[in-house]
1. Only one of Leu151, Leu165 is outside any strand (DSSP E or B) and surrounded by 14 or more Cβ atoms within 10 Å (Cβ to Cβ); which?
2. Just checking, does region 133-144 include any residue being touching a Phe, Trp or Tyr at 6+ places or on another chain (Cβ under 8 Å) and in the same structural domain as Met180 (by TED's automatic domain parsing)?
3. Out of all the residues in region 194-214, which are among the β-branched types (Val, Ile, Thr) and out of contact with any Asp or Glu (no Cβ under 9 Å at 6 or more places or on another chain)?
4. Of the residues that make up region 93-106, is at least one over 15 Å from Ser26 (Cα atoms), small (Gly, Ala, Ser) and either part of a strand (DSSP E or B) or in contact with a helix residue (DSSP H, G or I) (Cβ under 6 Å, 6 or more places away or on another chain) (or both)?
5. If only one of Arg46, Arg77 is at pLDDT below 95, on the phi < 0 side of the Ramachandran plot and surrounded by 12 or more Cβ atoms within 10 Å (Cβ to Cβ), which one is it?
6. State which residue pairs qualify: first residue hydrophobic (A, V, I, L, M, F, W, C) and inside region 149-164, second residue surrounded by fewer than 21 Cβ atoms within 10 Å (Cβ to Cβ) and part of a helix (DSSP H, G or I) in any location, beta carbons under 7 Å apart, and separation of 6 or more residues or different chains.
7. Any residue that is farther than 28 Å from Arg210 by Cβ and among the polar types (S, T, N, Q) - is there at least one of those in region 58-73?
8. Among the candidates Pro19, Pro88, single out the residue that is touching a helix residue (DSSP H, G or I) at 6+ places or on another chain (Cβ under 8 Å) and modelled with pLDDT under 90.
Amino acid sequence: MPDLPPAPSPLELPADAPPSSAPWVSTQTDMETAARPQRTRLFRVRMKTGHVRVAGVTYFQATQASATDSRVEHLYRVQLSWLAEFDPRDGKSQRFAERTSTGRATNALQFRVLEMSTDGRRVSAARLGPKGQILAEPAGMGIMSLLRALLVEWVAGLHPEATVLTGSLYQVDVPGDKEMELRDAFFARSGFTVRPTSGGGGSFFARSVRELKSTWNTDKAQELTAPLLAEAVSAQMETPLLRQQIAALQDQLGTAIKEKRATEVLSRIWLAITVLAVIFGLVFGIQPRLG
């Protein structure tokens, strides 16, 4: 009896997936140039210095259909741009002049998705990129994890079964062993199968987009939703009044101390100052001081 072929490993790409060198309809550069913004979301990112940055993540999309067959190519890209930085301790702010475009190499992540018909079935494959440009600035702030989560959430809703084609780990700039470990851990935590090789290289892939994670570390980055923005605007309008109230209570406290009033009176005034100070701190903890 002849030997049966070995069963495929569950971690291998499906046999009917498009090849790694997929017959793309267009080039990466052409698709990025054709991409147009669809929406923007705002996020607050805490820096290691204690400062807070406000970032805008813009969603770009492009579609190109083949004129000769059933192939359709899509580009889905998320691009982060810094808008402002402020210090919650004193409210001082700094604006950034970054432009959001698909021409920027840093703080961007994208999927090129190819759909085509094979034997009467519709199959799809995705390639993570941009190739040679997976780079976060500044590093170690969870930026790429945030972009990966947003990108996966978007693409998984449209192409959940798309096979993520094998990509090279060489496209990520890693000068040392520690950086390589962080790189490999990023892909592994994201849901990719990682196969490192000697010399700092290796590959990553996934059986489908829906197997990748669509969550990020909310301790590092928090979305500024409409309710939070409304609260921030309202709080910003009240800031001068809060300062006046704190100053008035401090004057009352000083007078009470001089007059040696009852401890109960002093404790009430001190409690009021503490409450207002906490509120004041919360205001600067959420408000995007953009000007």
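The values are calculated or read from the model by the stated rules, or taken from the named source; none is laboratory data. These numbers come from a predicted model, not from an experiment. Ideal geometry is used to build each Cβ from the backbone, glycine not excepted, and the neighbour counts take in all protein chains shown.
1. On the way: Leu165 fails: outside any strand (DSSP E or B).
Just one listed residue meets the conditions, Leu151.
2. From region 133-144, those touching a Phe, Trp or Tyr at 6+ places or on another chain (Cβ under 8 Å) are 142, 144; that's our starting set.
Then drop every residue that is not in the same structural domain as Met180 (by TED's automatic domain parsing), which leaves 142, 144.
Yes, region 133-144 has at least one match.
3. At the first step, the residues of region 194-214 found to be among the β-branched types (Val, Ile, Thr) are 194, 197, 209.
Scanning region 194-214 gives a single hit, Thr197.
4. There is at least one residue in region 93-106 that is over 15 Å from Ser26 (Cα atoms), small (Gly, Ala, Ser) and either part of a strand (DSSP E or B) or in contact with a helix residue (DSSP H, G or I) (Cβ under 6 Å, 6 or more places away or on another chain) (or both).
5. Numbers: Arg77 fails: at pLDDT below 95.
Of Arg46, Arg77, the one residue that is at pLDDT below 95, on the phi < 0 side of the Ramachandran plot and surrounded by 12 or more Cβ atoms within 10 Å (Cβ to Cβ) is Arg46.
6. Ala156/Arg210
7. Here is the first cut: in region 58-73, the ones farther than 28 Å from Arg210 by Cβ are 67-68.
In the following step, the residues that additionally are among the polar types (S, T, N, Q) were identified as 68.
Yes - at least one qualifying residue is present in region 58-73.
8. Working: Pro19 fails: touching a helix residue (DSSP H, G or I) at 6+ places or on another chain (Cβ under 8 Å).
Only one candidate qualifies: Pro88.
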